[in-house]
Amino acid sequence: MWIWVTDSRTNTADRTDEAAQASDAGAGRSSSQGEAADAIWRGLADLDEKLHLQRNIRLLTPEARVLIHLKLNGSVPVTTAMQVAGTSYRGFYAVLERLKQAGIVATVKDPQDQRVRRLSLDPSIPISPVNR
């Protein structure tokens with residue numbers, strides 16, 4: 001059950017195989033390793049969401065939820081990241097500031113709509129659920 005995606009442009013099912021392979025190649029992984037890693041991230045995110053819906057408990061921090069979402073979906077509008085974080089408006093901007101200060105994420109203007117800001121993961125940051 002993957003319910004985080006609210007914007008059809010960021011649905012992982014819409015990602016082309018070429019885009020996924022390019023992303024995996026850029027991270028120094030083979031396609032099968034990248035798919036396995038993505039499955040682990042999805043499973044963790046799904047478990048967090050399931051616990052939240054059933055027991056009102058969060059397994060992951062807001063920062064972790066945002067990072068996993070960016071890892072799986074690429075650049076997303078800040079409003080989508082805010083929904084994923086599951087925090088208040090004010091709380092999200094504290095999360096965003098911590099991620100920016102750590103140099104993990106960046107915000108840029110959307111090329112199609114200059115009013116929209118997009119959040120993206122720094123590609124030089126290796127985020128892998130398994131160390132090999």
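Restricted to the range 63-88, and to residues there that are touching a residue at least 40 places away in the same chain (Cβ under 8 Å) and among the small types (G, A, S), the residue that is farthest from D48 (Cα to Cα) is S75.
Do we find that K50 is assigned to a helix (DSSP H, G or I) and at pLDDT below 95 in this structure?
Numbers: assigned to a helix (DSSP H, G or I): yes; at pLDDT below 95: no.
Against the criterion (assigned to a helix (DSSP H, G or I) and at pLDDT below 95), K50 does not qualify.
Yes/no matrix, rows are residues, columns are (1) of a type in the set (S, T, Y); (2) at pLDDT below 95; (3) out of contact with any Pro (no Cβ under 8 Å at 6 or more places or on another chain):
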{"site": "L60", "(1), (2), (3)": "no, no, yes"}
{"site": "H69", "(1), (2), (3)": "no, no, yes"}
{"site": "T80", "(1), (2), (3)": "yes, no, yes"}
{"site": "Q83", "(1), (2), (3)": "no, no, yes"}
{"site": "A94", "(1), (2), (3)": "no, no, yes"}
{"site": "E97", "(1), (2), (3)": "no, no, yes"}
{"site": "T107", "(1), (2), (3)": "yes, yes, yes"}
{"site": "P111", "(1), (2), (3)": "no, yes, yes"}
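You will find that of R132, R29, the residue that is over 13 Å from the mean Cα position of the chain (by Cα), in a loop (DSSP other than H, G, I, E, B), surrounded by 16 or more Cβ atoms within 10 Å (Cβ to Cβ) and at pLDDT below 95 is R29 and no other. Here is the figure for the range 89-114: residues that are over 19 Å from P126 (Cβ atoms) and in a strand (DSSP E or B) total 3.
The values are calculated or read from the model by the stated rules, or taken from the named source; none is laboratory data. Just so it is clear, the structure is predicted and the values come from calculations on it, not from any experiment. Cβ coordinates were reconstructed from backbone atoms using ideal geometry, including for glycine residues, and neighbour counts include every protein chain displayed.
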